[in-house]
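The structure appears right after this line, and notes come after that.
The values are calculated or read from the model by the stated rules, or taken from the named source; none is laboratory data. In this text, all values refer to a predicted model and were calculated from it rather than measured experimentally. So basically every Cβ, Gly included, is an ideal-geometry build from the backbone, and we count neighbours across all protein chains shown.
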């Protein structure tokens, strides 16, 4: 049975572009298009789509109003379509229940359609595995604020203190990252590296937003940044992040992604580099996401004596990436999302 898709956008050009991209895969069927939220509501009730692509600036009823209605009346996986300069819209939509987003096609850049097509089809194929019930629970956690972090007394076996934590995430990741990073103490004694599958233009606003919410220093990573404890470095979209050593100082190293790269930024690239430079003083954390990015990197960290944690199926919006790491034998501990911050704090041996 084909997956039914509804396209909602006030731009006829964008509707046709997205329709053409999706129809390349015969497992999908475009059951309708809609030019505004009111039109979309009627078609949702009548046609009951499996997936919706949604623009947010539309006449009569905007995307936010439609999304609120949808998640209350007929929860359906939504991929939002947004331009690069509309990052605030992206994060607001993700908090309202959109599961992912793609960058809006541009009339002026036909070459861009290839990248958009690859990204859109990948997301739609994986979206069938989305757990909307879990997504709702995780979004509810965001509303509770930082909360208390209970730190277990038991310490990790081994003499090496963790100096760096590498976190990888994809679909559902922004909310998961917020839940973890807002529950970390200001005196956290390790550095944190984050690779979240996200395109250019969105990782800097993500870092700025999380920085306002967290006690840690959070910023988009830049070439040659010195690795410092208590600082979170988020890999810029369109790049892969690793480490290098210059004069005894460990620094950020960024490599531009190629069009053929399956995952951008690459969690495997980041974690493998962390394992190489920090060995048993490293930790890997793999969160929600589709595919197997992070599996090899987690194996590298564990093989070199580091510690690894995977998000459990009960809280992962998409259990692909954690499941692959677990099946490979790369994971020391499997935990639900709310329990990961306390485990990381305990193992890093922060005094709280």
- Item | Qualifying residues in segment 238-256 (those that are under 20 Å from the mean Cα position of the chain (by Cα) and modelled with pLDDT of 95 or more) - the one surrounded by the most Cβ atoms within 10 Å (Cβ to Cβ) | 241
- Query: So, of the residues in segment 33-58 that are in contact with a strand residue (DSSP E or B) (Cβ under 7 Å, 6 or more places away or on another chain) and part of a loop (DSSP other than H, G, I, E, B), which turns out to be surrounded by the fewest Cβ atoms within 10 Å (Cβ to Cβ)?
  - Reply: 50
- Before we move on, is residue 322 more than 21 Å from residue 163 (Cβ to Cβ), outside any strand (DSSP E or B) and touching a strand residue (DSSP E or B) at 6+ places or on another chain (Cβ under 6 Å)? yes
- Message: Within segment 204-228, take every residue that is over 21 Å from residue 243 (Cβ atoms) and free of Cβ contacts under 8 Å to residues at least 24 places away in the same chain and give me the one that is surrounded by the fewest Cβ atoms within 10 Å (Cβ to Cβ).
- Response: 212
- Restricting attention to segment 292-319, which residues are over 11 Å from residue 168 (Cβ atoms), in contact (Cβ under 8 Å) with a residue 40 or more places away in the chain and assigned to a loop (DSSP other than H, G, I, E, B)? 305, 306, 314, 315, 316, 317, 318, 319
- Does segment 60-73 contain at least one residue that is farther than 14 Å from residue 37 by Cβ, in contact with a helix residue (DSSP H, G or I) (Cβ under 9 Å, 6 or more places away or on another chain), outside the structural domain of residue 204 (by TED's automatic domain parsing) and buried (at least 20 other Cβ atoms within 10 Å of the Cβ)? no
- In the set 275, 229, 166, which member is more than 22 Å from residue 89 (Cβ to Cβ) and assigned to a helix (DSSP H, G or I)? 275
- Message: List the residue pairs whose Cβ atoms are under 6 Å apart, where the first residue sits in segment 13-38 and is in the same structural domain as residue 120 (by TED's automatic domain parsing) and closer than 15 Å to residue 122 by Cα, the second is modelled with pLDDT under 90 and assigned to a helix (DSSP H, G or I), and the two are 6 or more positions apart or on different chains.
- Response: 21/117; 21/120; 25/121
- Note on the structure: The condition of being touching a helix residue (DSSP H, G or I) at 6+ places or on another chain (Cβ under 9 Å) and buried (at least 24 other Cβ atoms within 10 Å of the Cβ) holds, among 320, 305, 289, 329, only for 289
